[in-house]
Amino acid sequence: MTENIPVEIAGAGPAGLAAAITLARAGRPVIVHEAQPEVGCRFKCDLQGLENWTTRQDALVVLQELGITTDFKRLPCHHGTAFDAWGQAYGIDSHEPLFYMVERGHGPDTLDTALFHQALALGAEVRFNSRVQHVQGPAIFDTGPKAADAIAVGYHFDTRMPDGFWAICDDTLAPQGYAYLLVMGGKGTVKSCMFTGFKQEAHYVQRTVEAFKHLVGLEMIDPRPHGGVGNFRIPLTARSGAHAVVGEQAGFQDTLWGFGMRSAVISGVLAARSLLEGSDYDRLWQRMLGELMATAVLNRALYGLLGNRGYRWLLRHRENHSDARELLHRYYHPSYVKRLLAPLARRRFQSQRKDESCNHVDCSCVWCRHGRELHT
Ligand SMILES: Cc1cc2nc3c(=O)[nH]c(=O)nc-3n(C[C@H](O)[C@H](O)[C@H](O)COP(=O)(O)OP(=O)(O)OC[C@H]3O[C@@H](n4cnc5c(N)ncnc54)[C@H](O)[C@@H]3O)c2cc1C
């Protein structure tokens, strides 16, 4: 009976754990292999945003309806501030939470720990320090990003600052991306999220820290460096041989700004369902994620052309709209014009697979550091 053969899952990221939860709930034996000694090692105690704008339904309700726990600490974020390159502040206001700030890593309150505990409670086995090289039976692959299309680099720190979020759209701090500062419960992260210029990351991080000190009085107690990469691409197929590939390993990410947690979880659930039902995984993710991803690629291609004056125009345009969540919902969804422009955008935005400015020799840029972490 194939139902009694355990499904092996490579990687205990949100995508792999969501798959394990779905399979275990259906009574299927599951073994999750995690290369690192704990869940969430890639993120340490990072703060991240679970976006709440791609669906009208609240993100937490979406997770609950997928059967995924929401038993993690979170901060609903309604109000924040964005700055343009000239230091002008713009209010970011939303009636419903724009996103939920969550903690990543292996701490007691993190998203990763909540998923891990749910998977265990449902009967999944999780093996740490277990790097998958080969699989024999049914399997799902969730081994994270395989290239750097963007990097986010900066610090984790303790602080006495109030909870909140701040962003700066300025190519001299974060080329073609954005600099951000998140604070929750006395912990913070400040990052430059850049889509090019990776080799000058140290310079951009320094400028980002200085800008936030100047604009909002950033206070960092015991700063610890942290960074990571993002890999975005719309795969032709999210299968490797007979096996489903989920999360960032498949390229499921928000190409515009890098909000990948939701698509990771969704793809994990869909991969598990396809195994349980014998349905076509590629069809499932294309139906649920395909159009959103195609729109994000177009948005990325346009955003990459804007430059500082364009970001300022965008922020002013945002101020004329009362609700940021509503506006982002529209940006992230397809329209007739966006569908027409999509082929052009796909040609303009190609997943990098590597950073052209990096020769990967004797290099300590974030991509090379991350590659070493992945392969040791
Ligand atoms: C700095 C930074 C900030 C971010 N901020 C946000 C944000 O604010 N909002 C948001 O939505 N997204 C954010 N993201 C993206 C988001 O974190 C990822 O998209 C998401 O974690 C992807 O989940 P995953 O399960 O696909 O992969 P991962 O979380 O990378 O999990 C993959 C796991 O597989 C393990 N592994 C690798 N190889 C093997 C192997 N051979 N065998 C066994 N295990 C293996 C790894 O150790 C890892 O634990 C951010 C990313 C970065 C880098």
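The values are calculated or read from the model by the stated rules, or taken from the named source; none is laboratory data. Since this is a predicted model, take the numbers as computed values, not measurements. Neighbour counts run over all protein chains shown; Cβ positions are idealised from the backbone, glycine included. Just the protein is used for accessible areas: all its heavy atoms, side chains included, with ligands, DNA and RNA removed. Shrake-Rupley method; radii C 1.70, N 1.55, O 1.52, S 1.80 Å.
Placing unit charges on C-beta atoms (Lys and Arg positive, Asp and Glu negative, everything else neutral), compute the dipole magnitude of the chain about its Cα centre in debye, rounded to 20.
Values: 40 positive and 39 negative charges, 195 e Å.
Charge dipole of the chain: 940 debye, to the nearest 20.
Leaving out ligands, DNA and RNA, what percent of the accessible area of the chain is carbon and sulfur, probe 1.4 Å?
Values: 8780 of 16510 Å².
Solvent-exposed carbon and sulfur of the chain make up 53 percent of the total.
Relative to the first principal axis of the alpha-carbon coordinates of the chain, what is the inclination of helix 261-277, with its axis defined by its Cα atoms, in degrees from 0 to 90 and to the nearest 10?
20 degrees
Using 0.36 nm per residue of separation minus the Cα-Cα distance, give me the extension gain between residue 321 and residue 96 in nm, one decimal. Intermediate results must be reported in sequence, preceding the final value.
Numbers: separation 225, 0.36 × 225 = 81.00 nm, distance 1.46 nm.
Result: 79.5 nm gained on full extension.
Given the Cα-Cα distance of residue 237 and residue 206 and 0.36 nm per residue of separation, how much length would full extension add, in nm?
Details: separation 31, 0.36 × 31 = 11.16 nm, distance 3.97 nm.
Difference between extended and current length: 7.2 nm.
Suppose R0 equals 41 Å. What FRET efficiency, 1/(1 + (r/R0)^6) with r the Cβ-Cβ distance, do residue 172 and residue 125 give to the nearest 0.05?
Values: r = 49 Å, r/R0 = 1.20.
Computed FRET efficiency for residue 172 and residue 125: 0.25.
In nm, to one decimal, how far is the residue 38 label point from the residue 163 one, both placed 7 Å along Cα→Cβ?
2.3 nm
Please list 3J(HN,Hα) in residue order for region 194-200, calculated via the Karplus relation 6.51 cos²θ - 1.76 cosθ + 1.60 where θ = phi - 60°; whole Hz, with x for glycine and proline.
These are the phi-based 3J(HN,Hα) values: 10, 10, 7, x, 4, 5, 9 Hz.
Could you give each residue of region 180-193 its phi-based ³J(HN,Hα) in whole Hz, using Karplus coefficients 6.51, -1.76, 1.60 with θ = phi - 60°, and x for Gly or Pro?
With the stated coefficients, region 180-193 comes to 9, 9, 10, 9, 8, x, x, 10, x, 9, 10, 9, 9, 9 Hz.
If the only charges are +1 at each Lys and Arg Cβ and -1 at each Asp and Glu Cβ, what is the size of the charge dipole of region 150-230 around the Cα centre, to the nearest 20 debye? Let's see the in-between values first.
Numbers: 7 positive and 8 negative charges, 22 e Å.
My answer is approximately 100 debye.
Can you tell me the accessible area per residue over the chain, all protein chains present, probe 1.4 angstrom, in square angstrom? Let's see the in-between values first.
Numbers: 16510 Å² over 376 residues.
I get 44 Å² per residue for the chain.
Could you tell me which of the pairs 44/73; 73/146; 73/187; 146/199; 44/191 are separated by over 20 angstrom between their Cα atoms in the structure shown?
Values: 44/73 15 Å; 73/146 29 Å; 73/187 13 Å; 146/199 18 Å; 44/191 14 Å.
Table pairs above 20 Å Cα-Cα are 73/146.
Could you give the nm distance between label points at residue 288 and residue 89, where each point is 7 Å from its Cα heading toward the beta carbon?
My value for the distance between the label points is 4.0 nm.
Quick check for you: which residues of region 89-131 have the amide N under 11 Å from the point 7 Å beyond the Cα of residue 71 toward its beta carbon?
114-122
Leaving ligands and nucleic acids out of the surface, order 281, 155 by accessible area at 1.4 Å, largest first.
Largest to smallest exposure gives the sequence 155, 281.
Between residue 78 and residue 277, what FRET efficiency comes out of the Förster formula 1/(1 + (r/R0)^6) with R0 = 30 Å and r the beta carbon distance, rounded to 0.05?
0.20
Calculate one ³J(HN,Hα) per residue across region 122-131 by plugging θ = phi - 60° into the Karplus curve 6.51 cos²θ - 1.76 cosθ + 1.60, and present them in order as whole Hz with x for glycine and proline.
Taking θ as phi minus 60°, the curve returns 8, x, 6, 9, 10, 10, 8, 6, 10, 8 Hz for region 122-131.
Within 10 Å of each candidate Cβ there may be at most 13 other Cβ atoms; applying that plus a DSSP loop requirement, which chymotrypsin sites (Phe, Trp or Tyr not before Pro) in region 1-107 survive? Intermediate results must be reported in sequence, preceding the final value.
Working: sites: 43, 53, 72, 83, 86, 90, 99, 100; in loops: 43, 53, 72, 86.
Counting only loop positions with at most 13 other Cβ atoms within 10 Å, the chymotrypsin sites (Phe, Trp or Tyr not before Pro) in region 1-107 are 86.
Starting from region 189-275, pick out the GluC sites (Glu not before Pro) whose DSSP state is loop and whose Cβ has at most 11 other Cβ atoms within 10 Å.
none
Out of all DSSP beta bridges in the chain, what portion is antiparallel? Express it as a percent rounded to 5. Numbers along the way, then the final one.
Numbers: 44 of 59 bridges.
About 75 percent, rounded to the nearest 5.
Note the angle between two axes, namely the Cα long axis of helix 111-121 and the longest principal axis of the Cα atoms of the chain, as a number of degrees from 0 to 90, rounded to the nearest 10.
Approximately 10 degrees, to the nearest ten.
At a Förster radius of 45 Å, what calculated FRET efficiency corresponds to the Cβ-Cβ distance of residue 214 and residue 117, to the nearest 0.05? Each step should come with its number before you reach the end.
Working: r = 42 Å, r/R0 = 0.92.
After rounding, the FRET efficiency stands at 0.60.
Nearest 10 degrees is fine. How inclined is helix 291-319 to the longest principal axis of the chain, computing both from alpha carbons?
20 degrees
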